[in-house]
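Just below is one structure, and these are the notes that go with it.
Only the coordinates and a few stated rules stand behind these numbers; no lab work does. The structure presented is a predicted model; accordingly, all values stated were derived computationally and were not measured. Here the Cβ is made from the backbone with ideal geometry for all residues, glycine too, and neighbour counts use every protein chain on show.
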Amino acid sequence: MTAPKKLFIKTYGCQMNVYDSERMAEALGGQGYVETKSADDADMILLNTCHIREKAAEKVYSELGRFKGLKAANPDLKIGVAGCVAQAEGEEIMRRQPLVDLVVGPQSYHRLPEMEAKTRAGEKALDTDFPEEDKFEKLKTRPKASRGPTAFLTVQEGCDKFCAFCVVPYTRGAEVSRPADRILAEARDLVERGVREITLLGQNVNAYHGAGADGDMTLAQLIWALDKIDGLERIRFTTSHPNDMGDDLIAAHGACSKLMPYLHLPVQSGSDKILKRMNRSHTAESYLRLIERIRAARPDILMSGDFIVGFPEETEADFQATMDLIEEVNYGYAYSFKYSTRPGTPAAERAQVDEDVKSERLQRLQTLITRQQRAAQDSMVGKEVSVLFEKPGRQEGQMGGKSEYLHAVHVEDAGIKVGDIRKVRVIASGSNSLSGELV
Ligand code: SAM
Ligand code: SF4
């Protein structure tokens, strides 16, 4: 028997990349690879890249440069670039960094086994097509190994919205939903392997419209179908667009007990002028009314969002409108970014806001969000929450997990096992987590 080859995957960016990295490891498992935690002893290194952050491509090139020594020590080492930078840069990656053997875009991961074989034959392998077939169907799943109690499951990919700042429609392609039966089969398989919470993923997850037995299904219908799976206790989904928040999905938040009371609903800005220039096709007012309806369905829901400050032509008054919106919504969590240009997107060509102004606005916004986040976490003290325990805590006898509101919770009790869902009374709120005791 030959020793297994070692695969090191470094994952950048969103949960969709985490999910994709797992699938790539599974696909290469069929080629005799096992995962390793260190690049130093790897036979193949894959960088699963993200194009959302600033200078993403440059960071990938500098990371690749660091592998020169490893390749010199082991000429059989294969180096690959996957993800959105691979899609955006394509062949250019191999031109600029000749030690790269393989470049694969997010829609072509099922072709990895053949691509790997090609690199072993001494050739370069490049695939950044947008093929018609369902890559997830083609990616074989591992034999039923048990796994942790939470899992991601991609149900939808790509985006047709073309927000003026965003590369996703170019790197991930058009919106595609996976058929419901495949998602349900994958969910059942995950539950058999010990998963109790599934987070449905998509760039525009609430635009889901995959084929079901009686025609296309909405995300809410998919959630209700998942709700019937015994052993699956919690359902989450991310990321949603305000325009795709259908009535049935809002109603599900009030009616489906497995659907957790946490919703990530990015708004980006509170200024209608900026929203229009961002091509967001919603207004601050329509977003606020939407949140009212969601809270009417599920009053305790914890809202989270994404914000971009310093989008081209953002004035102090526009920024203030964003701050006002944040005050009104009262978020439990938020991600905020300084606008940064993405070549090829419409906003990249426009007059840019000064870097210092962006930094100063970001700081003000983050101060406000941190205050709200802190208040949301502190308000849990004295309450009973339900916690899905995921892993041992830092201290002996301590277990850590997440509440239904996605707050990290620690409990000291030797009787708790990974995968348990237990009622916990919150006794204190720390810097990043809550501590509690079993009820
Ligand atoms: N589809 C989701 C949405 O509509 O909100 C997520 C898109 S993106 C993967 C995640 C976040 O990155 C966006 O919500 C936005 O706030 C941020 N982002 C995207 N492009 C950006 C840019 N050019 N500059 C700064 N932030 C950006
Ligand atoms: Fe990007 Fe989200 Fe806008 Fe699509 S909806 S273009 S993924 S920010």
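Below is a table of values for the structure above.
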{"read-out": "The stretch 365-439: GluC sites (Glu not before Pro) in DSSP coil with no more than 14 other Cβ atoms inside 10 Å", "value": "E396"}
{"read-out": "For the stretch 63-69, 3J(HN,Hα) per residue [Karplus equation, 6.51 cos²θ - 1.76 cosθ + 1.60, θ = phi - 60°, Hz, x = Gly/Pro]", "value": "4, 4, x, 5, 8, 3, x"}
{"read-out": "Rg/Rg_ref, the stretch 288-439, where Rg_ref = 2.2 N^0.38 Å and atoms are Cα", "value": "1.31"}
{"read-out": "Over the chain: helical MRE at 222 nm, DSSP H runs n ≥ 4 each giving -39500 (n - 2.57), nearest 500", "value": "-10000 deg cm²/dmol"}
{"read-out": "Separation of the K273 and A297 label points, Cα + 7 Å toward Cβ, nm", "value": "3.4 nm"}
{"read-out": "Relative intensity, log₁₀ I(q)/I(0), of the stretch 248-367 from a Debye sum that treats every alpha carbon as a point, q = 0.23 Å⁻¹", "value": "-1.30"}
{"read-out": "Trypsin sites (Lys or Arg not before Pro) restricted to the stretch 362-434 and DSSP loop, no more than 16 other C-beta within 10 Å", "value": "K383, R394, K417"}
{"read-out": "Kirkwood Rh and Cα Rg combined as Rg/Rh, the stretch 1-81", "value": "0.98"}
{"read-out": "Alpha-carbon Rg with Dmax, taken over the stretch 334-389, Å", "value": "17.8, 52"}
{"read-out": "Set of the stretch 31-50 residues, backbone N closer than 19 Å to the point 7 Å along the Cα-Cβ line of D76", "value": "31-46"}
{"read-out": "With 10 Å bins from 0: P(r) over the chain, alpha-carbon pairs, percent", "value": "4, 19, 28, 28, 17, 4, 0"}
{"read-out": "Sequence of D420, D306, D76 once ranked by neighbouring C-beta atoms within 10 Å, starting from the fewest", "value": "D76, D306, D420"}
{"read-out": "Dipole magnitude of the stretch 253-369, debye to nearest 20 (Cβ charges: Lys/Arg +1, Asp/Glu -1, about Cα centre)", "value": "580 debye"}
{"read-out": "Charge dipole (the chain, unit charges on Cβ, about Cα centre) - positive-most of G158, I235, S431", "value": "S431"}
{"read-out": "Simple Cβ-charge dipole of the stretch 1-129, Lys/Arg +1 and Asp/Glu -1, about Cα centre, in debye nearest 20", "value": "320 debye"}
{"read-out": "Cysteines (scope the chain) whose Cβ has no counterpart Cys Cβ under 4.7 Å", "value": "C14, C50, C84, C159, C256"}
{"read-out": "GNM result for the chain, Cα springs below 10 Å: residue of S429, S177, S240 fluctuating most strongly", "value": "S429"}
